[in-house]
Amino acid sequence: MQEELIKRAVELMEDGTVNRVLGWQKGQFVYDITPAVFTSADELKENFVYNDFCGDNLSKYLKDETEKEGKVLVFLKPCDTYSFNQLLTEYKIHRENVYAIGIECYGKADVELLRRKGIDGILDVKNENGTLKIATIYGDEEVPMMEAMAERCVNCKSKKHVAYDELIGEDGEVLDSNRFDMVEKLEQMSAQERFDFWQGELSRCIRCNACRNVCPACTCEKCVFDNPDSGLYNKAAADSFEEKMFHIIRAYHVAGRCTDCGECSRVCPEHIPLHLLNRKFIKDYNELYGSFMAGAEVGQVSPMVDFTMDNDAEPSIVQKGGAE
Amino acid sequence: MSVKENTEFQPTIVAFCCNWCSYSGADLAGTNRLSYPTNVKIIRVPCSCRINPMFVLRAFQRGADGVILCGCHPGDCHYMEGNYHTRRRMTLLFSMLNYLGIESARTRVEWVSAAEGQRFVDVMDDFTAKITELGPNRRLEDLRCKKN
Amino acid sequence: MQRIGVFVCHCGTNIAATVDVEAVAEAAKSVPGVVFSADYPYMCSESGQDLVKESVQKYNLTNVVICSCSPRMHEKTFRKAVESIGMNPYMLEIANIREQCSWVHKDKEEGTEKAIMLMKAACAKATLNTPLTPGMLPVTKRALVIGGGIAGMQAALDIAEAGYEVDIVEQKPTIGGKMAQLDKTFPTLDCSSCIVTPKMVDVGQNDKIRILSYSDVEEVKGYIGNFDVKIKRKARYVDEDKCTGCGLCTEKCPMKKVPNEWNLELDTRSCVYIPFAQAVPKVATIDPRYCLKLNKGTCGICSKVCGVGAINYEAKDEIIEEKYGAIVAATGFEIADISRYDEYAYGQSPDVVTSLEYERLMSAAGPFGGHLLRPSDHKEPKKIVFVQCVGSREEESCKGGKEYCSKVCCMYTAKHAILTKDHYPDTDIYVFYIDVRTPGKLFDEFYRRAVEQYGVHYIKGAVGKVTPHKETGKLEVQGYDMILNEQMHIDADMVVLAAAVEPSHTARRMATMLTAPMDNNDFFTEAHAKLRPVESATAGVFLAGMCQGPKDIPETVSQASAAAAKVIGVLAKDQLVGNPCIAHPDELMCNGCSQCAGVCPYGAITYVEKEFRMPNRTTKMRRVAQVNEAVCQGCGACTVTCPSGAMDLRGFSNNEIMAEVDALCL
């Protein structure tokens, strides 16, 4: 796959369709991948990588990249295409300045899951027919890919590319995923248990803002938490209230715009399951106002800015357990 | 913050009222000399759709034990659609607070028209009683803002 | 730094009995920013207002907080007072310590404590007050009336009477609307044409009114006082200025088989036509669907016979652009399509007609010159069955009927029955009804007359099926009498269906252009059902006639005059004063996501690409929101939708409200 992508990228650069490529760049280790812009065939051949650890959603970078001169090539996994559409809906991407190639994806690995298995000192990882062959400084290991796959990929919502100029590999279908199972589990707990769960999770927040900075929905010119006049100005959470406030407000601000790409949880250094907050909103509005998938189409009206006169639930259903 | 010392817990309740219906309904309660607890403190907003979730959180942070939003009945909004937006936003916000384990009874939306002075009083009596029963807000408190 | 003055009103004993007003004034002295406080028995009195004014001047106050009755009572009074001495009126806040404190609490200690908190909250908000100036908008002193029926004509005449220019846009070749098609009007039975055609002439001759007939509104931009409207003048292939309306072309036109919509296609007309003798403007129009010259390049007779050379086959649709200060929507109604009601055999037999068709059949200007004849065999009907509520008062799920009552059917059916009996006393008339609704002056008397004097058979019940019998030419009506609880069979000669009225099919398109709200039935929604019944929620757009809901002629005319009065109220002003408490975006914060535009009920938010200065002497084009100050009503829906907090509401800003929250909670 990697070679195919490089080949096509070089072609498009050489025929003048694009003048640079937004992709993934290898890091010091096989699993520390960073998004990068490549401007020459040599750079691509040397540093471009596409492997089981290329989880990064590249669509957000298009906000800045498409403002520059010339067309940029971007590779989008199915779930990234939803973010891409959502950004288009919000006028954040200049569509004419991007050439999007949809690429197939069968789930990405999370190095953290390998570490939890006690695998350390990883030197190289190779995926051979669904099995990860891992070379470490302590010797070789083998882990089935399914066991190393990130939660968001295990519960993948869609293998369908909702936007692209060109497709490499296969297009899939929207999947019937179990992504709301954990939300449901939490809903079934008592209020005290839920409180304890979230207190435990959110109290680890160090307010590094990684979740915000990676989120394709967080594209404000200036975040309210960075704006001294907003009334929400808050650089570091001083106590448990502020930890909660940051995450409630952030989830609320992206509600109806969040495509559930899961980047927030992926980048959280404290491994807080932030996607469970976003999914709660998604689950609620799906149940209450009809199914809605942010980014499925460009120009959709989000349930957060819509209403029906006669059929909307009253807020009191929360007490009655309707939306719990 | 009650004046009556050594009595039981006196909750602080913030009531956001839309200017056209609920604030007038509260005025009507006054005109008719209908009594409700002093714990209820009203903030006037043009429309219930002006109420930002951050105001609700802010109230809890600063020491409120209950927050209630009052607006025109659906269909009667002075701005035609404002309360429909309120209804959705607050349903989702309350559901989220509930999901975080914050007692859902601490937040409420009620529709009170300008003619419903008695209803305003009934709503406030009931809400104050429920919050008193629930006790002080602990799960969404900011210790730095605690009274006493 | 703010210098706040706090003024506590006793309101006689209304406040002072439950609130220690002196303690409130005293407590105010320790509130940050407060430099002066006082209490006074009646703050709203002349002398109380003077105290406020004098103190502002004496202590150089920047803000005033009045602790008194509800702001809904005296906020305006006090704002005016401080404005009179040069203070910005929006630097004043009211703490409601009467309706929301002294009147609802009994315990003086608790009441005083709450009053102090309310005072503190008002001071906290006042500290953040900014001077607000309402925007001034120029007014184009011309009005547009959309629709040339009785509603549009009345509105136009009244506006013109006040001295303002009016344009009427009518999609048909003539004004007059549905009223011109009616035979008589209830309950007075005066001839509809006799009262409506003089009105049409008045409109046509009024030099303040311009009739743009055979035209459509194509685009509406702008806002109250300043609407920019594009109007399409459809090609009528006849020069309006040259045509004298002599009618020679219509006589000579060889294409005579065009269904005549004026008579609801009960007869035919020529291809070049004047809809009816009293049409205004009385000019011919060529129907491009049937014209031999336009379609086949043959014929051309009309051009040859026209003495003034008015025919122009080369005419093209034309778009004109006009500016208006106010718009009246008077788009009227249609008769709902009832072809889906198979049981009534409408469409199967020409003798089953709608009430409006019956109206034409009876009219002296109708297809049979006023003789009531069956369309099928041109014989006089001897037995007629009227069916009420066809398509009205019905669940939408049931054949897509209308849930509302069409309001005029009960009365016009009584009219039809009476008129028929008047002319043909030996006719048997049956009326099947659900309820007979006759609220209106002389309405019930009229209906009683039909029953008692004319012996019309009113049957509470429904018609289940109408079966046309070819051999006998009769219509077999199977009905059910709910009162006698029995089936009925009537061999009728004609069946008249009181079909539901529905808004004009152009109404929704129009509403979208005007950003005016509509209900689910496509009727325009009034700004307030009780208090603003002729205004649309969109400022500068007014409503008249059936487009707002079913109504009869006098109601339509009153509403049209009321709408005209409202229009005159707008046009009479040289400048409109806006509401300063409106949304405004901080362009530096706005991220252009467009969520706010989605929730604005008034369409007040638009987006522009704007150049911004960036670091290192660079610039960047960014999409940012703009609020139209004339259109925004200040609800604040957009402020909550904005994730960046860029959108804020003047007079109720985020920080002001949060300052109040803080003061009340701490």
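The values are calculated or read from the model by the stated rules, or taken from the named source; none is laboratory data. All of these numbers come straight from a predicted model, not from anything done at the bench. Positions of Cβ are generated from backbone atoms using ideal geometry, with glycine treated the same way; all protein chains shown enter the neighbour counts.
Conditions: (1) within 19 Å of the chain's Cα centre (by Cα); (2) of a type in the set (Val, Ile, Thr); (3) surrounded by 23 or more Cβ atoms within 10 Å (Cβ to Cβ). Residue A:49 meets all but one. Number of the miss?
Of everything listed in (1) within 19 Å of the chain's Cα centre (by Cα); (2) of a type in the set (Val, Ile, Thr); (3) surrounded by 23 or more Cβ atoms within 10 Å (Cβ to Cβ), residue A:49 misses just condition (3).
Applying the selection to the stretch B:71-125, what residues are in contact with a strand residue (DSSP E or B) (Cβ under 8 Å, 6 or more places away or on another chain), in a loop (DSSP other than H, G, I, E, B) and among the β-branched types (Val, Ile, Thr)?
Result: B:112, single match.
When only residues in the stretch B:110-148 that are facing chain A (nearest Cβ under 7 Å) and among the hydrophobic types (A, V, I, L, M, F, W, C) count, which is farthest from residue B:15 (Cα to Cα)?
The extreme case among them is B:143.
Could you list, in sequence order, the residues of the stretch C:651-666 that are within 7 Å of chain B (Cβ to nearest Cβ), closer than 18 Å to residue B:63 by Cα and either without any contact (Cβ under 8 Å) to a residue 24 or more places away in the chain or in contact with a strand residue (DSSP E or B) (Cβ under 9 Å, 6 or more places away or on another chain) (or both)?
Scanning the stretch C:651-666 gives C:657, C:658, C:660, C:661, C:664, C:665, C:666.
Just a yes or no: is a residue in the stretch C:135-150 assigned by TED's automatic domain parsing to the domain that holds residue C:328, within 34 Å of the chain's Cα centre (by Cα) and part of a helix (DSSP H, G or I)?
Looking for residues that are assigned by TED's automatic domain parsing to the domain that holds residue C:328, within 34 Å of the chain's Cα centre (by Cα) and part of a helix (DSSP H, G or I), one finds at least one in the stretch C:135-150, hence yes.
Tell me, yes or no, whether the stretch C:349-370 has at least one residue that is within 15 Å of residue C:496 (Cα to Cα), free of Cβ contacts under 8 Å to residues at least 24 places away in the same chain and not assigned by TED's automatic domain parsing to the domain that holds residue C:184.
No; the residues of the stretch C:349-370 include none that is within 15 Å of residue C:496 (Cα to Cα), free of Cβ contacts under 8 Å to residues at least 24 places away in the same chain and not assigned by TED's automatic domain parsing to the domain that holds residue C:184.
Quick one: would you say residue B:53 is touching a Leu at 6+ places or on another chain (Cβ under 9 Å), within 14 Å of chain A (Cβ to nearest Cβ) and surrounded by fewer than 24 Cβ atoms within 10 Å (Cβ to Cβ)?
Yes: the conditions hold for residue B:53.
Please count how many residues of the stretch B:28-42 are within 17 Å of the chain's Cα centre (by Cα) and either within 8 Å of another protein chain (Cβ to nearest Cβ) or free of Cβ contacts under 8 Å to residues at least 24 places away in the same chain (or both).
6
Mind counting the residues in the stretch C:49-89 that are in a helix (DSSP H, G or I) and either of a type outside the set (Lys, Arg) or within 22 Å of residue C:31 (Cβ to Cβ) (or both)?
Of the residues in the stretch C:49-89, 22 are in a helix (DSSP H, G or I) and either of a type outside the set (Lys, Arg) or within 22 Å of residue C:31 (Cβ to Cβ) (or both).
Just checking: which of the strands (runs of 3 or more DSSP E) contained wholly in the stretch A:61-131 hold 3 or more residues that are in contact with a helix residue (DSSP H, G or I) (Cβ under 7 Å, 6 or more places away or on another chain) and farther than 20 Å from residue A:257 by Cα?
Filter on the stretch A:61-131 gives A:72-76, A:98-103.
Quick one: which strands (runs of 3 or more DSSP E) lie wholly within the stretch C:522-615 and hold at least 3 residues that are more than 14 Å from chain A (Cβ to nearest Cβ) and buried (at least 16 other Cβ atoms within 10 Å of the Cβ)?
Passing ranges, in order: C:532-536, C:541-543.
Name the single residue that is nearest to the other protein chains (Cβ to nearest Cβ) among those in the stretch A:218-242 being in contact (Cβ under 8 Å) with a residue 24 or more places away in the chain and of a type in the set (A, V, I, L, M).
A:224
Taking residue A:307 and the conditions (1) in a loop (DSSP other than H, G, I, E, B); (2) of a type in the set (A, V, I, L, M, F, W, C); (3) closer than 22 Å to residue A:78 by Cα, which numbered condition does it fall short on, given that it satisfies the others?
In the conditions (1) in a loop (DSSP other than H, G, I, E, B); (2) of a type in the set (A, V, I, L, M, F, W, C); (3) closer than 22 Å to residue A:78 by Cα, residue A:307 misses (3) alone.
Take the residues of the stretch C:30-48 that are assigned to a strand (DSSP E or B) and not small (Gly, Ala, Ser): which is surrounded by the fewest Cβ atoms within 10 Å (Cβ to Cβ)?
The selected residue is C:35.
Tell me, yes or no, whether the stretch C:478-494 has at least one residue that is at pLDDT 95 or above, assigned to a strand (DSSP E or B), under 20 Å from residue C:338 (Cβ atoms) and polar (S, T, N, Q).
yes
Across the stretch A:69-95, which residue is farthest from residue A:38 (Cα to Cα) among those that are without any contact (Cβ under 8 Å) to a residue 60 or more places away in the chain and within 14 Å of chain C (Cβ to nearest Cβ)?
By that ranking, first place goes to A:91.
Suppose we filter the stretch B:56-76 for residues that are closer than 19 Å to residue B:96 by Cα, among the charged types (D, E, K, R) and at the interface with another protein chain (Cβ under 7 Å from one of its Cβ atoms); how many remain?
Within the stretch B:56-76, residues that are closer than 19 Å to residue B:96 by Cα, among the charged types (D, E, K, R) and at the interface with another protein chain (Cβ under 7 Å from one of its Cβ atoms) number 1.
Looking at the stretch C:113-128, is at least one residue more than 8 Å from chain B (Cβ to nearest Cβ), under 41 Å from the mean Cα position of the chain (by Cα) and surrounded by fewer than 22 Cβ atoms within 10 Å (Cβ to Cβ)?
yes
Please go through the stretch C:83-107 and pick out each residue that is surrounded by fewer than 23 Cβ atoms within 10 Å (Cβ to Cβ) and more than 10 Å from chain B (Cβ to nearest Cβ).
Answer for the stretch C:83-107, where residues must be surrounded by fewer than 23 Cβ atoms within 10 Å (Cβ to Cβ) and more than 10 Å from chain B (Cβ to nearest Cβ): C:83, C:84, C:85, C:86, C:87, C:88, C:89, C:90, C:91.
Is there any pair with a first residue in the stretch C:627-650 that is at the interface with another protein chain (Cβ under 9 Å from one of its Cβ atoms) and a second that is basic (Lys, Arg) whose Cβ atoms are under 6 Å apart and which are 6 or more apart or on different chains, and what are they?
Close Cβ pairs (under 6 Å, with a partner that is basic (Lys, Arg)) amount to C:636/B:50.
Go through the stretch A:166-217 and give me each residue that's closer than 30 Å to residue A:6 by Cα and either within 14 Å of chain B (Cβ to nearest Cβ) or in contact with a His (Cβ under 9 Å, 6 or more places away or on another chain) (or both).
A:167, A:171, A:172, A:211, A:217
Return a yes/no flag: does the stretch B:117-125 have any residue that is in contact with a Ser or Thr (Cβ under 8 Å, 6 or more places away or on another chain), over 26 Å from residue C:643 (Cβ atoms) and small (Gly, Ala, Ser).
yes
Hey, among the residues in the stretch C:616-643 that are hydroxyl-bearing (Ser, Thr, Tyr) and buried (at least 23 other Cβ atoms within 10 Å of the Cβ), which one's farthest from residue C:227 (Cα to Cα)?
Once the filter is applied, the top-ranked residue is C:641.
Kindly indicate whether any position in the stretch A:243-254 is in a loop (DSSP other than H, G, I, E, B) and either away from every other protein chain (no Cβ under 12 Å) or surrounded by fewer than 23 Cβ atoms within 10 Å (Cβ to Cβ) (or both).
For the stretch A:243-254, residues in a loop (DSSP other than H, G, I, E, B) and either away from every other protein chain (no Cβ under 12 Å) or surrounded by fewer than 23 Cβ atoms within 10 Å (Cβ to Cβ) (or both): absent.
Determine whether residue C:551 is out of contact with any Asp or Glu (no Cβ under 9 Å at 6 or more places or on another chain) and modelled with pLDDT of 95 or more.
yes
Pairs, please: C-beta under 9 Å, at least 6 apart or cross-chain, first residue under 19 Å from residue B:14 (Cβ atoms) and touching a residue at least 60 places away in the same chain (Cβ under 8 Å) and in the stretch B:83-109, second acidic (Asp, Glu) and outside any helix (DSSP H, G or I)?
Within 9 Å, the pairs are B:83/B:76; B:109/A:314.
Answer yes or no: is there a residue in the stretch A:142-153 that is more than 18 Å from residue A:262 (Cα to Cα) and within 14 Å of another protein chain (Cβ to nearest Cβ).
no
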